[in-house]
1. Could you tell me whether any residue of region 213-229 is modelled with pLDDT under 85, surrounded by 10 or more Cβ atoms within 10 Å (Cβ to Cβ) and closer than 22 Å to ALA119 by Cα?
2. Checking the condition under 30 Å from ARG200 (Cβ atoms) and either out of contact with any helix residue (DSSP H, G or I) (no Cβ under 7 Å at 6 or more places or on another chain) or outside the structural domain of THR196 (by TED's automatic domain parsing) (or both), which residue from LEU83, LEU109 passes?
3. Kindly indicate the residue of region 1-22 that is surrounded by fewer than 16 Cβ atoms within 10 Å (Cβ to Cβ) and more than 30 Å from PHE84 (Cα to Cα) and also modelled with the lowest pLDDT among those meeting that condition.
4. List the residue pairs whose Cβ atoms are under 8 Å apart, where the first residue sits in region 141-161 and is charged (D, E, K, R), the second is assigned to a strand (DSSP E or B) and surrounded by fewer than 16 Cβ atoms within 10 Å (Cβ to Cβ), and the two are 6 or more positions apart or on different chains.
5. Across region 143-169, which residue is surrounded by the fewest Cβ atoms within 10 Å (Cβ to Cβ) among those that are at pLDDT 85 or above and in a loop (DSSP other than H, G, I, E, B)?
6. Does LYS57 meet the test of being within 30 Å of GLU174 (Cβ to Cβ) and at pLDDT below 95?
7. Which condition does VAL180 not pass, out of (1) part of a strand (DSSP E or B); (2) at pLDDT below 90; (3) over 18 Å from ASP42 (Cα atoms), if it passes all the others?
8. Inspect region 170-177 for any residue being assigned to a strand (DSSP E or B), assigned by TED's automatic domain parsing to the domain that holds GLY199 and at pLDDT 85 or above and give the result as yes or no.
Amino acid sequence: MPPEPAPTPARRAVSSLDHRLEAVTGHAIDTLWAYRDRGVLDEPHAHLVDRHRELAKTQTGVTFYLRLLNRLSSGEFDVDDALFTRIDRTVKQLQEATDAREAAARKVLAALEPIEAAAAASVLDTKQLSTDDQAALLAIAGGAKLYEHLLTGRMSVTAASGTRIPHVKLQRLEDAGLVVRDTDHPVHAGQTVSLTDAGRAALSAARRTPTTQAPTLPARPGTSPPTPAQRR
């Protein structure tokens, strides 16, 4: 009987909690891992990603022993005492790997739930996120800065796309915890405005929400809106 194959490096294992991490942060798992490697995450998110990596590693172990058990029971090997011994050993190893995965999942949840609670407390309800709010968040996501006019003192946000966002709109989004300004720079020089994790999650949720009403097209000046044809 050939020896048991050793685990080989594979793609990142997918866990049952991936979708929750992506929903609360607004980033794909691979992006979060890359941010962790670059050291750009704050302490709670860095801790969360570290725990998630441990979970992915344990998931890889579970997958390996499941495949090994499937191979042992596939009929490829002679049915003898040696096979039964290997099956028993693999079942025990699978149980240990499963226990390790469950323990790792609990650690992920312990790090994830406070972040989810903070995001839920600060994110506007999707129904309250107007079309203008969505457009403003989308523009800010592409890069934006808050400027103060030296002569008039008026402040507004200018996005990289050229979109201008009123200061009152910025204040509303900022109060809701959806955007944040880089206050280390003076306003007249331009303060970078970016989405928070809550802002990315709110924008992602709003864009996934299907519209239930067709948009109303404005009538041209001097014309009356069309009336529905009467049924005969």
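The values are calculated or read from the model by the stated rules, or taken from the named source; none is laboratory data. Quantities reported herein were computed from a predicted structural model and do not represent experimental measurements. Every residue, glycine as well, gets a Cβ built from its backbone with ideal geometry; the counts of neighbours run over all protein chains shown.
1. As a first pass, look at region 213-229 and keep what is modelled with pLDDT under 85: 213-229.
Restricting the remaining residues to those that are surrounded by 10 or more Cβ atoms within 10 Å (Cβ to Cβ) gives 219.
From the residues that got through so far, the ones that are closer than 22 Å to ALA119 by Cα too are none.
No, that holds for no residue.
2. The conditions single out LEU109.
3. Initial filter on region 1-22 (surrounded by fewer than 16 Cβ atoms within 10 Å (Cβ to Cβ)): 1-12, 14, 16, 19.
Checking the rest, the ones that are also more than 30 Å from PHE84 (Cα to Cα) come to 11-12, 14, 16, 19.
Numbers: ARG11: 51, ARG12: 64, VAL14: 80, SER16: 82, HIS19: 87.
So the residue we want is ARG11.
4. So the pair list comes out as LYS145/THR192.
5. Out of the qualifying residues, it is GLY162.
6. Spelling it out, it is not the case that LYS57 is within 30 Å of GLU174 (Cβ to Cβ) and at pLDDT below 95.
7. With (1) part of a strand (DSSP E or B); (2) at pLDDT below 90; (3) over 18 Å from ASP42 (Cα atoms) applied to VAL180, the lone miss is (3).
8. Of region 170-177, the ones assigned to a strand (DSSP E or B) are none.
No, the conditions are met nowhere in region 170-177.
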